[in-house]
Amino acid sequence: MKKLLYTMLELEEWNKNSTCCFCYNKSVCQIRTRNKITHEIIANDEACENCKETFENNELEKCERCGRLKNRHSYVCHCIVDNENVDEKELPILPHEEREATFYERQINSLREELITTEEALEIEREEVVKFQEKSEEWSKKQKQELLDKVKGLEEKIKQLEEENRKLKEEKNGQIAQIEVKETKRWSWLKIKK
Ligand SMILES: [Zn+2]
Ligand SMILES: [Zn+2]
C-alpha cells in the first residue's frame with residue numbers, strides 16, 4: 001500500500017454543486033488524497049455530510065491495494081486500471097524538500113485534530129457547568145426551604161407568646177377586680193361603723 005495523506009478541504013468553485021463520490025447526496029467538502037512520498041495528488045473526491053462523517057471516523061472504505069478511497073465512479077480502482085506498481089520503492093523525500101501543498105495539508109490535518117480535541121474539552125466543560133448549575137439550584141432550593149421553615153417556627157412561637165400574654169392580662173385583670181371588690185367592702189364597713 002502507498003503512503004497516503006488524506007485531507008478534508010472546502011469545496012472549490014468548480015465543484016460547488018457536485019454530488020458525493022460515495023453516495024448520491026449533495027457534496028459539502030472534498031477529500032484530497034496525496035502520495036506522501038512523491039507528493040502527487042492521486043484522488044480528489046467530493047463528499048456529502050454523511051460520508052464526511054464516515055471519513056472522519058475512519059470508516060470510509062479504501063482500496064486494499066493502494067489505499068485510495070473507494071469511489072462509486074470506479075468499480076475497479078485506478079491502481080488496477082493504470083497498472084500502478086504499489087510495491088515499488090519510492091525514494092523518500094527529505095523534510096525540506098516537501099512541497100508547499102503537502103506542508104499545508106499536514107497543517108490543516110493537525111489543526112483539525114486540535115479543533116476536535118478543543119471541541120471535546122469544551123463539551124466536557126459545558127457539562128460541568130450544567131452540573132454545577134443544577135447543584136446550586138438544588139442548594140438554593142434547600143436553603144429557601146430551611147428559611148421558610150424557620151419563619152414558620154418563629155410565627156408559631158409569636159402566636160404562643162401572644163396567647164400567654166393574653167392569659168396573663170386576663171389573670172391580672174381578675175386580680176385587680178377582686179382587690180377593688182375587697183376595698184369597696186372595707187370602705188362600706190368603715191362607713192357603717194361610723
Ligand atoms: Zn455521500
Ligand atoms: Zn487501488
GNM top mover of S110, S27, S136 - the chain, alpha-carbon springs below 10 Å: S136
Cβ-Cβ cut-off under 12 Å around D149, Lys and Arg +1, Asp and Glu -1: the net charge is +1
Give the lysines reachable from K141 as a straight Cα distance under 23 Å; neighbours fewer than 8 places away on the same chain don't count. K131, K150, K152
For the range 4-90, just list the percent of Cα-Cα distances falling in each 10 Å bin from zero outward, please. 17, 50, 28, 4
With Q133 itself left out, Lys, Arg at +1 and Asp, Glu at -1 over residues whose Cβ is under 14 Å from its Cβ give -2
Let me have the 222 nm mean residue ellipticity of the chain computed from DSSP H runs of 4+ only, each contributing -39500 (n - 2.57), with the sum over all residues rounded to the nearest 500. -20000 deg cm²/dmol
Say R0 is 45 Å: what FRET efficiency, to the nearest 0.05, do L147 and K167 get from their beta-carbon distance? 0.90
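If you rank H73, H39 by fewest surrounding Cβ atoms within 10 Å, what's the result?
By the 10 Å Cβ count, ascending, the order reads H73, H39.
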Nearby lysines by direct alpha-carbon distance to K2 (threshold 18 angstrom, same-chain neighbours under 8 apart not counted): K36, K62, K70, K89
Taking θ = phi - 60°, what integer Hz values does the Karplus form 6.51 cos²θ - 1.76 cosθ + 1.60 yield along the range 17-26, in sequence order, with x for Gly and Pro? 9, 7, 9, 4, 7, 10, 8, 10, 7, 6
Near W14, within a Cβ-to-Cβ distance under 15 Å, what is the net charge of the other residues, with Lys and Arg +1 and Asp and Glu -1? -3
What's the center-to-center distance, using Cα atoms, between the range 20-44 and the range 143-187 in Å? 92 Å
Expressed as a whole-number percentage, the relative contact order of the range 4-90 with C-alpha contacts under 8 angstrom and at least six residues apart is 24 percent
Between 0 and 90°, nearest 10: helix 100-193 axis offset from the chain longest Cα axis: 0 degrees
Scoring the chain by relative contact order with C-alpha pairs under 8 Å, at least six apart, yields a percentage of 15 percent
Rounded to the nearest 0.05, FRET efficiency between V86 and A121 (Cβ-Cβ, R0 35 Å) equals 0.35
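All of the numbers you see were taken from the coordinates with simple rules; none came from a lab. Owing to the predicted nature of the structure, the values given are computational and were not obtained by experimental measurement. So basically every Cβ, Gly included, is an ideal-geometry build from the backbone, and we count neighbours across all protein chains shown.
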